[in-house]
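The values are calculated or read from the model by the stated rules, or taken from the named source; none is laboratory data. The shown structure was predicted, so the numbers you read here are calculated from the model rather than taken from an experiment. Counting neighbours? That spans all protein chains shown, and the Cβs are built from the backbone with ideal geometry, glycine included. Protein only, heavy atoms only, side chains kept; ligands, DNA and RNA dropped before computing areas. Shrake-Rupley method; radii C 1.70, N 1.55, O 1.52, S 1.80 Å.
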Amino acid sequence: MKNIYKILIAFIGVLMVSCNADDVDNRPILNDVSTPEITAPATGQNIVLDVNKAADEALKVTWSAAEYSTSVAIKYTVLIDKKGGDFSAAKTLQATTNGIKEVSILSRELNQAAIDLGGKPEVAAMYDVKISSNVSGGFVQVSKGLITITVTPYTGKVTYDFNDWYLVGDATVSGWDNNKGNQILFRSGTNANEYKFTGFYKKGYFKAIKNLGSWAPMYGGSAGTLAYRGTDSDPDPASFEIPADGYYTFTMDVQKLTYSLVPYNASAAVTYSTVGIIGSATAKGWDASTAMVKSSFSAHVWSLGVTSLNDGEMKFRANDAWDVSWGGKTAFSGGGTGDNIPVAKSKYVIYFNDLDGSYLMIPNQ
């Protein structure tokens, strides 16, 4: 009986293998029939991208259907390569599923692809665009035709993950107006929680606000301890007091919630007639300075309104000469060294203090 069962099981196994083999032989074979081809836009488009319209449509691409020897679910990919490239290093602009044959390419997507392919910001260059199709990652067909477009990419916004704080009060340049040229605090280049301003204060009081035109968030305090006001409904903190007109250094640490306010001896400080920026990042390179504006309230504080800077380096110097200059090792803020300050291309508002060499450069302006 056991032998009969063994023979029966073996026979069934052979039959199953035979049936599976027949199924494989009878399965339809998938073949490529015709490639997808771009139907719009026409070749020759000239696209100038705008950082302020990064989420807008820059290019709408439509194409004809790819054909295979049987009905299948087709995926499409919009590819871009530098003009004359072989598409072996092409970048993907967008991909679709379920046979969708059109896409809207956003400015930021086209911009990043152009940069990744070696494009230079604000310089026009030509690129080729093709369509490829596939079925489950295989059976790839790439369009025989292509369109050529000219793209001028933008630099993009510089990442700036910092908070800035301003002084307000009758001891400061703006009085109690919270949006009138308020003195900004200089942030440490190595500790993003530490802020400082050394300069002239009038007898009176002041606080620190985060957003010009708003009374919250705010810092006040007493006896060396900061008090935080997060919203307008929170209690108003005590003001910092200046006992007499003169120069002081105010420092606050928003993580430790501490502050110090100490007199500063400015009697030996030189008062400069001019201070300017200079370097490869500036419009005049290393050949000449771009003058900053001196504060009428505190003679050692300088600023420069919205200013375009390039990728490169810069320093501050006095009197259009190299006898006295200042620099730093860190982007955006720092000071106190003779190093060249690293700069990423953007538009900046720039602040400088010649008493301690502190600088603050706010990008994306």
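Dimensions of the chain based on its C-alpha atoms, expressed as ranges along the principal axes with the largest first, amount to 109, 63, 37 Å. Compute the FRET efficiency between S64 and K157 as 1/(1 + (r/R0)^6), taking r as their Cβ-Cβ distance and R0 = 45 Å, and round to the nearest 0.05. That pair, S64 with K157, gives E of 0.75.
Computed from Cα positions, the angle between helix 2-26 and the longest principal axis of the chain comes to roughly 70 degrees.
Would you mind counting up the charge near A266? Only other residues with Cβ under 14 Å from its Cβ, with Lys and Arg at +1 and Asp and Glu at -1.
Details: positive: none; negative: D245, D354, D356.
For residues surrounding A266, the net value is -3.
Backbone phi angles across the stretch 284-297, fed through the Karplus curve with coefficients 6.51, -1.76 and 1.60 (θ = phi - 60°), yield HN-Hα couplings of 9, x, 8, 8, 7, 8, 9, 5, 9, 9, 7, 5, 7, 9 Hz in residue order; Gly and Pro are listed as x. By a 1.4 Å probe calculation restricted to protein chains, Y154 has an accessible surface near 30 Å², given to the nearest 10.
For the stretch 47-110, the alpha-carbon radius of gyration amounts to 1.31 times the rule-of-thumb value 2.2 N^0.38 Å expected for a compact globular protein. Think of the stretch 283-355 as a dipole: +1 on every Lys or Arg Cβ, -1 on every Asp or Glu Cβ, centred on the Cα centre; then among V306, M292, G338, V306 lies furthest on the positive end.
Charge dipole (Cα centre; +1 on Lys/Arg Cβ, -1 on Asp/Glu Cβ; no other charges) of the chain amounts to roughly 240 debye.
Rounded to the nearest 500 deg cm²/dmol, what is the calculated helix-only ellipticity per residue at 222 nm for the chain, with -39500 (n - 2.57) per DSSP H run of length n ≥ 4? The partial results should precede the final answer.
Numbers: 2 runs with 35 residues, N = 365.
Calculated at 222 nm, the ellipticity per residue is -3000 deg cm²/dmol.
The residue list I184, M126, N31 was ranked by how far each Cα lies along the charge dipole of the chain toward its positive end, using unit charges on Cβ atoms, and N31 comes out on top.
How big is the charge dipole of the stretch 150-249 about its Cα centre, in debye rounded to the nearest 20, if each Lys and Arg gets +1 on its Cβ and each Asp and Glu gets -1 on its Cβ?
Details: 9 positive and 10 negative charges, 46 e Å.
Charge dipole of the stretch 150-249: 220 debye, to the nearest 20.
Once divided by 2.2 N^0.38 Å, the Cα radius of gyration of the stretch 75-210 becomes 1.82.
Divide the volume of the convex hull of the Cα atoms of the stretch 203-265 by its number of residues and quote the answer in cubic angstrom per residue. Mind dumping the intermediate values first?
Numbers: hull volume 5.7 nm³, N = 63.
Spelled out: Cα convex hull of the stretch 203-265, divided by residues, is 91 Å³.
Taking the Cα centre of the stretch 195-295 as reference, the dipole from Cβ charges on Lys and Arg (+1) and Asp and Glu (-1) amounts to some 160 debye.
In the chain, what percentage of the DSSP-assigned beta bridges are antiparallel, given to the nearest 5? In the chain, DSSP labels about 95 percent of beta bridges as antiparallel. Within the same chain, aspartates and glutamates fewer than 8 places from K196 are excluded, and of the rest, those with a Cα less than 14 Å from its Cα are D164, D253, D354, D356. Close amide-amide hydrogen proximity is noted between S280 and E313, each under 5 Å apart and 5 or more residues distant or on a separate chain (H modeled in the peptide plane; Pro and chain starts excluded). Couplings 3J(HN,Hα) of the stretch 48-56, computed from phi: 9, 7, 10, 4, 7, 10, 4, 8, 7 Hz, in residue order, whole Hz [Karplus 6.51 cos²θ - 1.76 cosθ + 1.60, θ = phi - 60°; x for Gly and Pro].
For the chain, the longest principal axis of the Cα atoms and the long axis of helix 107-116 meet at an angle of about 90 degrees.
Here are some pairs, K284/K345; K210/K256; K202/K256; which of them have Cα atoms lying more than 25 Å apart in this structure?
On the way: K284/K345 15 Å; K210/K256 17 Å; K202/K256 27 Å.
Long pairs (Cα-Cα over 25 Å): K202/K256.
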